[in-house]
Amino acid sequence: MTPNGNTILITGGTSGIGLALAQTLAAQGNRIIISGRRQALLDRITAEHPGITGYALDVTDAAAIPAFVARVVAAHPDLNVLVNNAGIMLGEDLTDPAHLAQAEAMVTTNLLGPIRMTTALLPHLKAQARATVINVTSGLAFVPLARTPTYSATKAALHSYTQSLRHQMRGSAVEVLELAPPAVQTDLMPGQATSPHAMPLADYIAEVAGLLAQDPTPPEICVQRVGFLRRAEAEGQFDAVFRMLNG
C-alpha cells in the first residue's frame, strides 16, 4: 500500500483505532472517509478535521450496505482502500442462555459486516489501478480470550476469510492486508482505555503507520507487542500462552 495519495474508507472510524488511523493517514496525504452509526459524532469529527469526510452507516444493516457503497463511490470515484475496522467486543458467560444475543451481535458486526462491505465494494476496487482491503482482526484470532469467546472466534474467522480473499485476489490490482492489534488503550472494553496491560493508542498507530509504509507492505500488520500471540501455535507455545492470557 502506498503511504499517500489514496482515498480510504474506514468503517467504525469515529473512535479508537479507527479514528486514530484516520487522523494519521489523513496527515500523510490521503483522503479519508469514515463511517459510523451516529451522525452527530460524524459531524463533530469532520468539523474538527477538514480532511476527513463522514457518512452514517450501521454495518449490521445488510440492506443498507449496497446503497451506502453506491453513494460513497459516486461521491468518491477514486476510492481505492477499504479498512474493515468496525467491531464490538463483549464479555460472555456461555452457561447463560442470554449470551446468545451478544454472540449474534458480534458475529453480525465483526464478521458479516466486513464480508458484506468487501462484497459490495470489491467490483469497484478491482477496477482501480491499485487498491487495498485491510481487515482488522486481533491477536485474539490466534489465542482466544476465554471471557470473550465469540469476539475471539469472529476474529479467527476473519483471519481465515482474509487469507482466502488474498489468494483469490492474486494477480489482480487488489492487495489484501490484515491488521491484527494486541490489546490497545481504547474503549473497546470497559477499563481498557486506562489498562496498564494495553498498548498506548498513539504508540500502536505510530508502529502501524511504519509497517504500512514498508515496500512491499507485509500482508499481516503485526506490531511487536502482538507477536507472542501470532506465533504461539507455530512455536509450540499455544497452551502456555492460553494459560497466561486466561489465568
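Numerical summary
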| read-out | value |
| --- | --- |
| Longest to shortest principal axis, alpha-carbon extents of the stretch 3-109, angstrom | 50, 27, 26 |
| Using θ = phi - 60° and Karplus 6.51 cos²θ - 1.76 cosθ + 1.60, couplings along the stretch 204-214 (whole Hz; Gly, Pro as x) | 4, 5, 4, 5, 4, 4, x, 5, 5, 7, 5 |
| For the stretch 7-246, fraction of C-alpha pairs farther apart than 26 Å, in % | 36 percent |
| log10 of Debye I(q)/I(0), alpha-carbon scatterers only, for the stretch 21-62 at 0.22, 0.26, 0.30, 0.33 Å⁻¹ | -0.68, -0.85, -1.00, -1.11 |
| Angle in degrees between helix 113-126 and the longest Cα principal axis of the chain, rounded to the nearest 10 | 40 degrees |
| Cα long-axis angle, helix 16-27 against the chain (0 to 90 degrees, to the nearest 10) | 40 degrees |
| Shape call, the stretch 176-247: gyration tensor on alpha carbons, a/c limit 1.5 | oblate |
| Neighbour-count order for Ser195, Ser35, fewest beta carbons within 10 angstrom listed first | Ser195, Ser35 |
| Pairwise centroid distance, computed over Cα atoms, of the stretch 5-69 with the stretch 114-192, Å | 17 Å |
| Length gained when the stretch Ala98-Asp239 is fully extended (0.36 nm per residue, less Cα-Cα span) | 47.8 nm |
| Extended-chain gain in nm, criterion 0.36 nm per residue less alpha-carbon gap, Ala127 and Leu112 | 3.0 nm |
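A short reminder: the numbers here are calculations on the coordinates, not readings from a lab. Remember, predicted model here, so these are calculated numbers, not experimental data. Note that we place each Cβ from the backbone using ideal geometry, even for glycine, and neighbour counts take in every protein chain shown.
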